[in-house]
Structures are given as structure tokens and as C-alpha cells.
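Where a number appears in this text, it was derived from the coordinates with a stated rule and is not lab data. As the structure is a prediction and not an experimental result, all values here were calculated from the model. Note that we place each Cβ from the backbone using ideal geometry, even for glycine, and neighbour counts take in every protein chain shown.
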Amino acid sequence: MTRPPEFHAAKWNEPVVMELGRPGGRGQHFPAPEDEIRSAVGIDLIPGEMARTDRPDLPEITEFEAQRHYLHLSQMTLGMMGVSLFGTCTMKYNSKTAEFATLRPELAAVHPYQHPDTLQGVLQIIHDMDGMLRSLSGMDQFIFQAGGGANAAYTMACVARAYWADKGMLGQRTEMVTSVQAHPCNPATAAAAGFKVVNLPLEENGYPSLDALRAAVSGNTALIMINNPDDMGIYNPEIKEWVRIAKEAGALCFYDHANFNGVMGKLSARELGFDACMFMLHKTFGAPKAGGGPAVGAFGCSDELAAYLPTPVVVKAGDRYALDEDRPKSMGKIREYWGNVPQVVKAYAWTRAMGADGIELGADISVVSNNYMDKRLAEIPGLAISNPDVSARRMEMTRWSLGPIAEETGIGTVDFANRMADYGIDPWWMSHEPWIVAEPFTPEPGELWSKEDIDLWIDVVAKICEEARSDPEMVKSAPHNQAIAQVKGDAFEDPAKWAMTWRAWKRKQEAADQGKRGAA
Amino acid sequence: MAGERRAHPWMANSAPGIIEGMLKEIGAASVDEVFAQIPNDHFRSTPLDLPPALTSEIELRRDLVGKLKRNASCEDNLSFIGAGVWQHHVPAIVDEIVGRTEFATNVWGSYQSDHGRNQAWFEFNSQLGALLNLDVVQLPVYSWGCAIGHAIRMAARITGRAKVLVPALSDPERLSVIRTYCQPSEMDGHIEVVTIAADPTTGRLDANDLAARLGEDVAAVYFENPAYLGTIESGAAEIARLARAAGAETIVGVDPASLGVIKAPGDYGADIVTGPVQPLGVHMHCGGGAGGFIASRDEERYVRAYNGFLVSVVETREPGQLGFGLACPHQNSYGMRENGNDWTGNSTYLWAIAGAVYMSLLGPEGFRELGTLIVARARYAAKLLGDIDGVRIVWPDTTFKEFVVNFDGTGRTVSEINDALRARGIFGGKDISDEAGGLGRSALYCVTEVHSAADIRRLADTLTEVLQ
């Protein structure tokens, strides 16, 4: 039994920044226009009808007060400084060596429209990263424009549009086939790109049947988008047959490699038959996700699809690197510029620091650690593994359920997540919609966390199970050791109460106060 | 040590004996046994072919820095490139805060455990709302172009119409993204993109052309203020009035750096407002500083049409205490998959924190000074360049920080001129000679608060020299 931390978050009762400061307070000065400028052009230069006359209602604080305020906010953010086994997102160490390199002016103060002669270093890194991802996937070309995994899924849908348009069949190939358990970004981006989504249900074994796939694909199928393993941690052993069936119907096959960590260096998307795949550089490849981006969905595809990629594509000609914009069949832009370049550099750094042996070892550790965790979680009364009839081992993460203990105590997965933070453990990932098991949670140890970290995490889960039985109200009202108490959810769907800005909050507070006075 | 594997600095369980210990606990004889669920013929047949590992920080740093030093930066050169990525000053405090590991790290957390980050996000939205004079701001999406794309799709959902009017003089990069979002004409969800002509004498939207193209099928009119080519759209209120009369939404794109001196879009009839996040304390990062915001009035029909994350201030179980969480979470793709509004996912939320710090440092007076300084220096640069023989400023008196410089009278191409400038340590403006608008041999120059009067004189002197 490990010893759980006696944790209490910093509790600054920190005001909203709009409440800080004093009239006339200053945090930054800008120089006045030089005399030669004033005398040459004057200073009141905005056309009268467009000149701003009101003062924006911003805080007026000193430089130190801004620093202190935001440091307080960082201190009230657990931010993975406990133990986070946040499944599907693959928590990693984010190298500060790489972070500091990207903050150098040679990257931070560089513009994407500079002449390529002045960008040879960053172009080389992108080109080399492309090469390493080609080796990991078997694909022929990677690009990095997509600002996250969902954006890479959207890239796939748009590349498929361009591919079928080029074949003159876009009006006919109108459907995208996926699994009900695929990440929501796959059906959502395909729908936003204009495709009709066909969701295949799961069988007892955890994945859709080949018969369901055969029935779903046809001459109308533009593409399939599928992950493997899925978020249950179950590897679909029929995936090669999937690809064969889909391709027989003429569909393009996209491998959502969000769950790559357990199969790094072991599988090649291209060898399995896929036409395209996506890697999350902000997850698997060690770039920080930063609470939700800037991120990179690296999109790779076969030579056949490369013609349709968004531009520019980084190419090497002789010993020079260049940006290829001249791609007449390109789908157009998915996002401006070349992508979140510093994140690509950090992912390059991760891949170089791990090397082939390190990457394969990382996959081994991820899967062995998860199986170790499964064994220990199975020993805790009240927890149930998803798909209990599946005897094969899970991959790098496992979907679990609090169903039995929730039924016994009324304590569910949100309550557990809230309570975990009281022990300095980062709240867990539950599940994407739809919830296939009751009160789900999805831990993933990855290669970062030590066996001691994993043991501590499991011990805290076991302890909260005990608390759920002995003092359910305490768990239900958790957290108790955090910067704030549990937030009330009643405002989130109520137009009279939600307030997405401070000015909206003040307006609604005043309206409510007036209402109270009126009632009195 | 020869032959024995060293534990990797980033993998605790790579230390000797740990894997073996866990295998023993789970009753597996080998690592291979743990992968037995993968059929043999699925494993890759070709070995990984990666360059040698750099497990030593010394080697890794040398590789990274060695490569990056082959770049030439806008710090070591004098750059006048803008067009969607701009060189603005980034206060040191911003770098400190966005570099905090609690913020930069991977985790999402909960409203309580990661309360500070949620508050910082709300403060970004709140301060931006104060600059825009609007009550709802969503956490930023991938880029300005993506923000416009989502805003157009919002307008289409709200109005049930499927046509958008955009300026003919649009940034080709953003316009390409917009066309992607609006889908090809073969798709059922296609939104037709129609361009509105520019008044050639001012660069502003041609009001007659706009009026002629407005109709009952138009979901939205989109324009920018300042526009792609730097011009200030002084007819903004009239455009919004015309759009409203036709039952269309007015979508505006604004540069937040201008909002200390240019009227807030909420005050001239904008319904949905978009813009870039990068001017608010984010380095250029070779384009990796991009991010785009979307804002609107606090009306339910708009709020219900957003695609992403709306952070609301809420009460907690402790009386008088405030916390923050996601409003309307079920309308996005996490809640409704393909039936949600477009899609959402990881975006550029770290830049929301950068923006929160930046706006709090500037305050109302900082934004006023910033805008005053930028417009004065940009006009000065336009004046000095316009005085050079053969050089003409296309719209000299109606720009914010960018302006179009025409070189037709010099007999030289922009590419030739920029090569000569670069040899002298200056990055000339973006070459727009081949872009829509028929502006001839022209470049889009950008001047901000980082350019001193001396820098501007150096540009003018060097340009004079290379044109001789």
C-alpha cells in the first residue's frame, strides 16, 4: 500500500482579473510616436466615424500584479503534477529541452512567408519528422497543417472529397462508415465535410462485425475512418479483413492512430492496407497539449492521395528544402500556414530522443503496465471491466466501469473524479459519448508513469471505493481540498444564468438583483 | 555496462527488472505474450528505420539548436512581413505564464482541480469581450480562417440559407480555408461563396455591388476591419445595416491590436465577430502562433450555434464563491458526434492564456497607445516609401498597420526587390503581385510597434538604394 499525499491545492480566493487594479494603473507602456513621425503624419489618423470613443473595460494593474495573478492561477491548476492516467490522451513528459529550443528567436521570431533560404533549419526539421513518421507508418507523405487530431480527421474527409471529385464520383460516394466507438471527431468532421455518417454497432467482442461492415459499404461509400485498438483497449484482430472489404467496395481507408502508444513500432498502417493515417504529435509524440492546443494532427497518406493534400508540402530538392505550393489537385487549405511548427519541433525532439529502440520499448511498457493495472483494478470490489467476456489482454488502456459500486452506493464516475483531486491525483478520463458501460473510466499508464505512480493511483481508487461505502455524502460533495468547491451546473444550460464574459455576468447579476428588489 | 540497457530518462519503468516484475505479477512469461491479441501477420515486416537515438540532452539540444540556427529570424533582420502573422511585442510575463508547466502540460483535469486554467480562459473571453463590446466569446479555434469558416456555418444554421458574400480582396490563405469549410458544390451542405467587388479608389467594399448581391438567399456578409490589405472599412455600419435589411448575418473580422483606437465591432452592428489571437501576446512561431476567436451578442440563437467551448462563470457549492465550466456542452461534437455543430477538439487554448495575460498588462490605456503608435508608424512608413521614385502607395490614407506598395513604376519585380532587400538584412513585404485585385507588382507591407522611426528610415533608404 502506497501512502497517498495529504494534498491541499492553493486557495487564493483569487478575484477575476477584471476586479483587480485601480483607475490609471498601468502594466505596459508604449513609446509615443517619434517627433519626426508626428510632424510628418500627425497622430489622429483613424477616420472619425471609425475612431473608438469609449474606453474598453479592461483591468488597470501593474506588471507585477499581472504576473502574480496568473502565477496564482497556475498554482490553482493541478496540471498533471499529480499522477494523471488520463486515457485516450496519453500523458507524456514534455521535454523542456525541446520547449526552450522552440522559444529561441530562430523559431519564435520567424515568419512563414519568409524566403525559404531563411527557413532551411525549420524546413529540415519538418522534412526529417515527415521521414520518421513515414517509417513508423509506411505512408509516403506527411503534412502538419492540422491543428489537432480532429483537424486531421477533417483533412482526411476533405482529401476524400478532392479524390472523389477528381474521379468524377463525388455525387455518388457520399457516405463515411465508422464504428459507434470511434472518436467523435471522425463522424463529426466527416459530417461537417458533407458526408453522411454510417455508425456500426459493437458486438460482444468489442468491435463491429464483418457482416455489419459488408452490409454498410457499397458503391456509395467514400471512406471508412477507424481506430484500433479502440478506447476499450481491445485490438480488432479482423482489421486487415476490414480494410480488404472496404477497398473491395472502392472506399478509402483511414486509420485514426490516436491510440498508437501500445503499437508504436509494431504495426505499420500501410502494411495493414490503409491509405492514410493520423498521429497526435501532442499526445503520442511528446509535444505538450497545453490543456487543449496548440496541437498537431500529423496526416500521412499514400502517393495516390498525396496529390490531394493541402498545400504547402515541405520537399527536399538536392540539399535544399522548399515549400511546394504548386499542387493542382490539392483540396485547398485546411488551416492557414504550415501548422503548429513549434509542436512539430517538439515531436521531432521526442522521436529523436526515444529512437527506434526507445519507441518500441515505450510500447512494451505501455501495454505491460496497463495489464498490470487491469490485474490490480480487478481485485477491487465494485469495479467492472468493460466487455468482461473478452479474454484477450487489453492494449495500452482499458475501459472500466463503476457500475457495481455506483449501484451499491450511488457514487458515480464524476464523484470519483472530483474526489481523486483531493489526493493530488489528476481526475480521470471517463468516456466519449455514447457511454457504452455505466459510470465509465478509462485509465492509461503509458510509458511515463512509474510502477509506484500506478500503484498510488490504484490505491487511491480503492480508498475512494471504501469512502463511497462509509461516507457517500463526503464523496458526493467532493472535492474538499481544492481551490474551489464543486461547481454548480445549473447555469450551463440556462440563458438567464450562463455568462461567458465578465460583462455578461455583471449584467445578469444586476438583473437578478433588480428582480429580487422588485419582488421585495 | 556494455550490453546492458540504460534506463531511459523519460521512462521510469525502463529501469532494470520493472517490466519483468510486472510480467510476473500478471502471469505472463514474456512481453510477446502480452501482445498475443495481435495476429502474427499484423506485425510490421519492415524494421523501423529511424536516425540514431539522442538520449543525451546534450546531443538532443545540439541537434535542435544546430538545425534552428540555419534559420534567419525577424529579430536578426528587419522584417515588414505581415498578412495574417504579425511581428508584435510579446511581454516577458506572457512567456513566463504560458511556459508554466501546469498550463503547458497535457492534462484536461476538472473544473475544480484545474480551476486556475479555467479562470484564465474565462478572463481571455472577458477581456476580449470588453475590447469587442460583445457578451459572448468562445475559446479560440485553430486559426482566423477556421474561425471565419465556423462563423459562416453558424450563420447558415441560424438563417437556413446557403450563400455567403466575402470581399474580392480577401487573403487567399483565409479564403481557401473558407472555401474548404463551405464544401464543394456537389455536397448537400454546400455554402456558395460569392465575392463582393472593392472600390478601386479606397480598397473598401463597393456598396453598390454589395447591395446588388444581397438577397433572401444570403446567410451572411463577411468583411474585415482592418481588411486584408490594411484598409479601414469606414462603411462598416452601413454594410451591417444592408445585411440586416436582407435578413443576413453580419460577420466581421477584426485585428484585436486595433481595438484601442478603432471602434468596437459590437458598436457598429456586427452579429458574429472573428479575429486572430496571435497579436495578443503570441510569437509568430513560423505560423504556429495562429488561433482564431469567435464572438457574438448573448442571444440564445447565437449561443446555441457555436461549435466549441464556451466557458461560463458559475457559482460553487460554497456561497459567494465563483468557479468556471463549459456552458452548452451537449451541442458540440463531444456531446452529439455527427449531429453536433461542426466539430471541436484540441485547438489553441494555450494562446487564450497568453491573450489573457497580454490584455491584462495593456489595459485600456495600453491598447490606446499601441493602436496610436502602430497607425502613426505605418502611415509614416507609407509616406517615406511613397516618396521614392517609381514607388506608389495604393491607398495611403486609410490603413491601420498594413499597406500596399506598388512597384510598377520601378521596372522591377517584387521578388527581385525583396531579394535585394534580403541581402541587406531586410525582409520586404509579402509579394501580392499574382493575387486577385489586379494591383500589379505590389507588396503588402506591415509596420507595428516594434518598428522604430529609425527602422522605417532604414527601410526607405535601403529601398531607395536597391531601386537605383
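Structure data summary
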| quantity | calculated |
| --- | --- |
| Percent of alpha-carbon pairs separated by more than 31 Å within chain A | 56 percent |
| Built amide H within the under 5 Å cut-off of A:Ile224, gap 5+ | A:Val177, A:Leu252, A:Cys253, A:Phe254 |
| Anchor A:Lys506: lysines whose Cα lies under 30 Å away (excluding residues fewer than 8 positions away in-chain) | A:Lys11, A:Lys488, A:Lys497, A:Lys516, B:Lys263 |
| Within-12-Å neighbourhood charge of A:Ser431 [Cβ basis; K, R +1; D, E -1] | -3 |
| 5 angstrom amide H check on A:Glu60, placed H, neighbours 5+ away | A:Arg22 |
| 10 Å-binned pair-distance histogram of segment A:17-75 (Cα, whole percent) | 18, 31, 30, 18, 4 |
| Positive minus negative residues near B:Leu280 (Lys, Arg vs Asp, Glu; Cβ under 14 Å) | -4 |
| Inter-chain Cβ neighbour average for residues A:22-32, partner chain, 10 Å | 6 |
| All-pairs alpha carbon distance profile, segment A:1-150, 5 Å steps from 0, percent | 1, 5, 7, 9, 11, 11, 13, 12, 12, 9, 5, 3, 1, 0, 0, 0 |
| Part-to-part distance (alpha-carbon centres) for segment A:430-489 and segment A:148-166, which is given in Å | 37 Å |
| Alpha-carbon Rg with Dmax, taken over segment A:267-308, Å | 12.6, 36 |
| 12 Å beta-carbon shell around A:Gln181, net charge (K/R +1, D/E -1) | -3 |
| Expected-Rg normalisation [2.2 N^0.38 Å, Cα atoms] applied to segment A:183-233 | 1.19 |
| Label point at B:Ala207 placed 7 Å out along Cα→Cβ; residues across segment B:242-274 whose backbone nitrogen lies under 14 Å | B:242-243 |
| Model label zone, A:Glu304; criterion: amide N under 15 Å from point 7 Å along Cα-to-beta-carbon; scope segment A:244-263 | A:244-255 |
| Two-site FRET efficiency, A:Glu408 against A:Asn205, from Cβ-Cβ distance with R₀ of 30 Å, rounded to 0.05 | 0.60 |
| The protein assembly as shown: mean projected area of Cα convex hull, nm² | 39.5 nm² |
| Nearby aspartates and glutamates by direct alpha-carbon distance to A:Lys316 (threshold 17 angstrom, same-chain neighbours under 8 apart not counted) | A:Asp117, A:Asp128, A:Asp130, A:Asp140, A:Asp303, A:Asp324, A:Glu325, A:Asp326 |
| Cβ-derived FRET efficiency at R0 22 Å, A:Glu433 paired with B:Thr101, nearest 0.05 | 0.10 |
| Potential extension, B:Asp267-B:Glu299 segment - 0.36 nm per residue separation minus Cα distance | 9.9 nm |
| P(r) tail fraction, segment B:92-359 - alpha-carbon pairs more than 33 Å apart, % | 19 percent |
| Efficiency of FRET between A:Ser39 and B:Arg244 - r from beta-carbon atoms, R0 41 angstrom, step 0.05 | 0.45 |
| Ordering of B:254-260, B:346-352 by burial proxy (mean other Cβ atoms within 10 Å per residue, highest first) | B:346-352, B:254-260 |
| Extent along principal axes [Cα atoms of segment A:262-416; Å; largest to smallest] | 65, 33, 29 |
| 222 nm mean residue ellipticity, helices alone, for chain A (DSSP H n ≥ 4; -39,500 (n - 2.57); rounded to 500) | -11500 deg cm²/dmol |
| Computed label-point distance, nm, for sites B:Ser30 and A:Arg22 using a 7 Å Cα→Cβ extension | 7.4 nm |
| 3J(HN,Hα) from dihedral phi, segment A:179-196, Karplus parametrisation 6.51/-1.76/1.60, rounded to Hz, x for glycine, proline | 9, 4, 9, 4, 4, x, 5, 5, x, 5, 6, 5, 5, 5, 7, x, 8, 7 |
| ³J(HN,Hα) computed for each position of segment B:269-283 - Karplus, 6.51 cos²θ - 1.76 cosθ + 1.60, integer Hz, glycine/proline x | x, 5, 8, 10, 10, 10, x, x, 8, 4, x, 8, x, 10, 5 |
| Chain B: C-alpha pair distances exceeding 36 Å, % | 40 percent |
| Residue (of B:His283, B:Val375, A:Leu281) at the positive-pole extreme of the protein assembly as shown, dipole from beta-carbon charges | B:Val375 |
| Sequence-distant residues sharing a close amide H with B:Lys430 (under 5 Å, placed H) | B:Gly82, B:Leu444 |
| Distance between segment A:357-380 and segment B:130-184 - C-alpha centres, whole angstrom | 44 Å |
| Projected label distance in nm at A:Glu6 and A:Asp319, using a 7 Å step from Cα toward the beta-carbon | 6.5 nm |
| Tilt relative to chain B, helix B:172-182 - C-alpha long axis, 0 to 90 degrees, to 10 | 60 degrees |
